[in-house]
Amino acid sequence: MSGRDDLFRRYCLSGNRYKKLLSVRVLTGDREQALRFGRAMADDGRRASVAELEGLLAGDWREVSTACWLIGFAQRWEFRPELSRRLRAGEAGRAAKGIAFALARSGQAADAEVLAHRLAADLGDPAHRSYQPWLLGALLVVEERLGPMVSGELLAPDGPWERWAEASTLDSAEPARWAGLVRQWVELAEAV
């Protein structure tokens, strides 16, 4: 088994981790199970070496996504510049939800700026419909901590978010719903 396969098996496949991170079932299920899941994420994130996390970040979307969640749960902020770089450059893809979580957990003004940048760049592009709500939720969670900074223009009446929401097929494009989901993930991470 190659080192890459070992990383995937250990960090992504363990307990169907990467699949659980794609949904919100962890948050809506049994609280003790959620806490066990969160503790395992935080423990693995702390135990993972820099080289292992870099290896995951060099992998496919499942590995990159899992690495982002591990980074956020374990507060491995030495990786924040790389996550921000990926988001700013439009290289997040299916890992955007994990990046959004990690940046929301970090909660710095620079995190809000990079989230707003990506939203402003992508809200008009239908190819990016799947992760926009998570980025907005993360931005609003950061602004809950620091105060409103950059979301006002995005959320203005007839602004980019409203136009995006009108074209969306989501059950809810309500910003508060997405901020609530991101906040729940952050609260889970803070509880373990």
Considering region 46-87 alone, what residues qualify as being free of Cβ contacts under 8 Å to residues at least 24 places away in the same chain and either closer than 14 Å to Arg105 by Cβ or part of a loop (DSSP other than H, G, I, E, B) (or both)? Ser49, Ala58, Asp60, Leu83
Can you name the residue in region 9-32 that is surrounded by 14 or more Cβ atoms within 10 Å (Cβ to Cβ) and either among the aromatic types (Phe, Trp, Tyr) or over 14 Å from Lys97 (Cβ atoms) (or both) and, of all such residues, is nearest to the chain's Cα centre (by Cα)? Tyr18
Residue that is nearest to Gly180 (Cα to Cα) [pool: residues in region 88-129 that are outside any helix (DSSP H, G or I) and touching a residue at least 24 places away in the same chain (Cβ under 8 Å)]: Gly107
Within the set of pairs 6 or more residues apart or between chains, which connect a residue that is without any contact (Cβ under 8 Å) to a residue 60 or more places away in the chain and within 17 Å of Trp61 (Cβ to Cβ) inside region 14-26 to a residue that is assigned to a helix (DSSP H, G or I) and among the hydroxyl-bearing types (Ser, Thr, Tyr) with Cβ atoms less than 8 Å apart? Arg17/Tyr11; Arg17/Thr66; Tyr18/Ser65; Tyr18/Thr66
Restricting to region 54-68, what's the tally of residues that are of a type in the set (Gly, Ala, Ser) and either in contact with a helix residue (DSSP H, G or I) (Cβ under 6 Å, 6 or more places away or on another chain) or farther than 19 Å from Leu87 by Cβ (or both)? 3
For the subset of region 114-128 comprising residues that are more than 15 Å from the chain's Cα centre (by Cα) and charged (D, E, K, R), which member is most open to solvent (accessible area, probe 1.4 Å)? Asp125
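Answer with yes or no whether Arg36 is assigned to a helix (DSSP H, G or I), open to solvent by 40 Å² or more (accessible area, probe 1.4 Å) and closer than 18 Å to Glu187 by Cα.
Yes: the conditions hold for Arg36.
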Options Ala51, Ala42; residue that is open to solvent by 20 Å² or more (accessible area, probe 1.4 Å), at pLDDT 95 or above, under 24 Å from Arg80 (Cα atoms) and hydrophobic (A, V, I, L, M, F, W, C): Ala51
When you look at Asp5, is it part of a helix (DSSP H, G or I) and under 16 Å from Leu70 (Cβ atoms), yes or no? no
Taking Leu87 as the residue in question, decide whether it is within 19 Å of Trp185 (Cα to Cα) and surrounded by 14 or more Cβ atoms within 10 Å (Cβ to Cβ). no
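The values are calculated or read from the model by the stated rules, or taken from the named source; none is laboratory data. As the structure is a computational prediction, the values presented were derived from the model and not from experiment. Note that we place each Cβ from the backbone using ideal geometry, even for glycine, and neighbour counts take in every protein chain shown. The accessibility values were calculated without ligands, DNA or RNA, using every heavy atom of the protein model including side chains. Shrake-Rupley method; radii C 1.70, N 1.55, O 1.52, S 1.80 Å.
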